[in-house]
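Below: one structure, written as C-alpha cells.
Every number in this text was worked out from the coordinates using simple rules, so none of it is lab data. Owing to the predicted nature of the structure, the values given are computational and were not obtained by experimental measurement. Note that we place each Cβ from the backbone using ideal geometry, even for glycine, and neighbour counts take in every protein chain shown.
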Amino acid sequence: MGKITIFGAGITGLATAAVIREKNPDHTITIVARDLPGDEPSQAWASPWACAGWVALGGINPLEREMQLAALDHLRSLAARHPESGARLVELTDCFPGGVRASDPDGAVGWFRDRVPGFEVLDEGEGGGGEDDGARVRYGSVVLTPAVFLPWLRRRLEEDGVRFVRIAEVGALADLAHLGHDVLVNASGLASSTLRDVKDDLVVTDRTWVAVVRSDYRDAFVRRGNGVYTYIFGRGDGTAVVGGVSEPTTGELKSKEEIHQDLFRRAHENLPEHFPSASPADYDIVQDLVGIRPLRPAGVRVEKVEVGGQKVVHAYGTTIGGYIHSFGLAKEVARLVEEAL
C-alpha cells in the first residue's frame, strides 16, 4: 500500500486519482490544491471553463497520441454508463486545412482514422494550400460540461476514499513534503512555470475566450486553419460552446464586442443551419468563459524524477488538450507511480 499525494484538482489530477484508485484500491490518495471542483471558476484554473470536447489533436510523439486515444475510449465509456456525469456521446465533424488528405497514412488524419469509432471521410481533401481545401472527416467523440463533470467525479472519488485538501499557497513542491507521501504527482498545470523547484520555462500562457450560447446544435464541429482554430460543441442542454480565440497574455487584448463578432461570424460561416446570423445580437449568450491557459509547445511532461528527496511524477503540459489527454495521461502516470513505489 502506498501513500500518494496529487497536487492539482483539475481534470489531470482527478483522472489520475481515478485511475490509480481503480488499479490499486489499497493506495491512500490525497488531492491537494488551491482550487477544488465546485468552486467558482477562476481565470487561473483552466479545467472548469474548458470547452471539453475530444478532438484528435495529434501531438509531438506516439505516446501523446496513444494517451489521447485511451482518453477517448474511457470518456466514451463514462458517457454511455453515466449520463448524469455531464459527458455525452456526439459525432464530430473535423475539417483540416489544405494539404491534408484523409488517405495519407502519415498525415494528420492517418494516425487516428482506424482507431476512432464511426470514422467516415466526408471529403478526401485537395493537395493545395487553401485554408478550406483539406480533408473533412467525421467520427464518434464526446463532449463534457465541466461544471457538471468535475464535481461529479469529485463525489465519486470521495466515495472511494480519496481525500481533498485545500492548500491556499504552494510555492514549491518542497512545501508539500510534510504530507509524508511515498510519491507526489505534480498535476499543477500553469503553476509548474513558477514553482521554485520546477520552474519549467517551457510553459507559457495565452488567454482563451469561449461563448456559451442557446442553441439547438447537439454535435461537435472543428475547423483547423492556418493560425485559426474554430470549434463548436453542443452540450445537449440547449446550449453550445463557440470558441477559437487564443491571445497572448501580454500586449493589447481584443474587446468583448470584437471577440463576439469574430466567434459568431465563424459559427455562421461553418454551420449556417444552426447559426443563421453572423451577428452576436441575434443570439442569447448565456455566459462568456474567459481564462488563462497553460501552453507547453514542447509537449506533455510525464516523467518520474526526484525533487529535493521526494519521488515526483510530473503530469502537465497538455496545452489545449487537458480533457483530450485526461484518462490516457492518467494511465501513464499511474504506471510511473507504481514504478516509483
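Structural remarks
- Only Lys, Arg (+1) and Asp, Glu (-1) charged, at Cβ; the range 152-192 dipole about Cα centre in debye: 180 debye
- In summary, no helical segment of the chain meets the span-like criteria, namely a full DSSP H run, a Cα extent along the axis of 27 angstrom or more and a mean Kyte-Doolittle hydropathy of at least 0.5.
- D (Stokes-Einstein, µm²/s), Kirkwood Cα radius, the range 103-174, 1.567 mPa s at 4 °C: 77 µm²/s
- Assigned charges on the beta-carbon of Lys, Arg, Asp, Glu; the chain dipole about Cα centre (debye): 840 debye
- Rounded to the nearest angstrom and listed largest first, the equivalent-ellipsoid semi-axes of the range 12-167 from its Cα gyration tensor are 35, 16, 14.
- Within the chain, longest stretch clear of exposed GluC sites (Glu not before Pro) (DSSP loop, no more than 10 other Cβ within 10 Å): 1-168
- Summed side-chain charge close to Arg156 - residues other than Arg156 whose Cβ falls under 15 Å, Lys, Arg +1, Asp, Glu -1: 0
- Overall form of the range 38-90 per C-alpha gyration tensor (a/c, 1.5; a/b vs b/c): oblate
- Candidate lysines - alpha carbon under 25 Å from Lys3, same-chain residues fewer than 8 apart omitted: Lys23, Lys304, Lys311, Lys331
- Ellipticity at 222 nm from helices only: DSSP H runs of n ≥ 4 in the chain, each -39500 (n - 2.57), divided by the residue count, give -8000 deg cm²/dmol.
- Over the chain, the reciprocal of the mean inverse Cα-Cα separation, the Kirkwood hydrodynamic radius, stands at 20.6 Å.
- Directionally averaged projected area (the range 257-311, Cα convex hull): 7.2 nm².
- Relative contact order (%) - criterion: Cα under 8 Å, at least six apart; region: the chain: 25 percent
- Once the gyration tensor of the Cα atoms in the range 286-341 is diagonalised, the equivalent ellipsoid follows with semi-axes of 27, 13, 10 Å, ordered largest first.
- Look at the dipole of the range 136-273 built from charges on Cβ: of Tyr229, Val212, Thr239, the Cα furthest out on the positive end belongs to Thr239.
- About the centre of its Cα atoms, the range 193-238 shows a dipole size close to 140 debye [charges on the beta carbon of Lys, Arg (+1) and Asp, Glu (-1) only; nearest 20 debye].
- Local electrostatic count at Val203 - Lys and Arg +1, Asp and Glu -1, tallied over other residues with Cβ under 12 Å: +1
- Between the range 172-214 and the range 6-34, the alpha-carbon center distance in angstrom: 15 Å
- Environment charge of Leu329, counting only residues whose C-beta is closer than 13 Å and scoring Lys/Arg +1, Asp/Glu -1: +1
- Simple rule: put +1 on each Lys or Arg Cβ and -1 on each Asp or Glu Cβ in the chain, find the dipole, and look at Val55, Phe275, Ala102; the Cα lying farthest toward the positive end is Val55.
- Note on the range 1-125: dipole from Cβ charges, positive end direction compared against Asn24, Leu92, Leu36; the farthest Cα belongs to Asn24.
- Within the range 141-256, all pairs of alpha-carbon atoms sorted by distance into 10 Å bins from zero give the percentages 10, 26, 31, 26, 8, 0.
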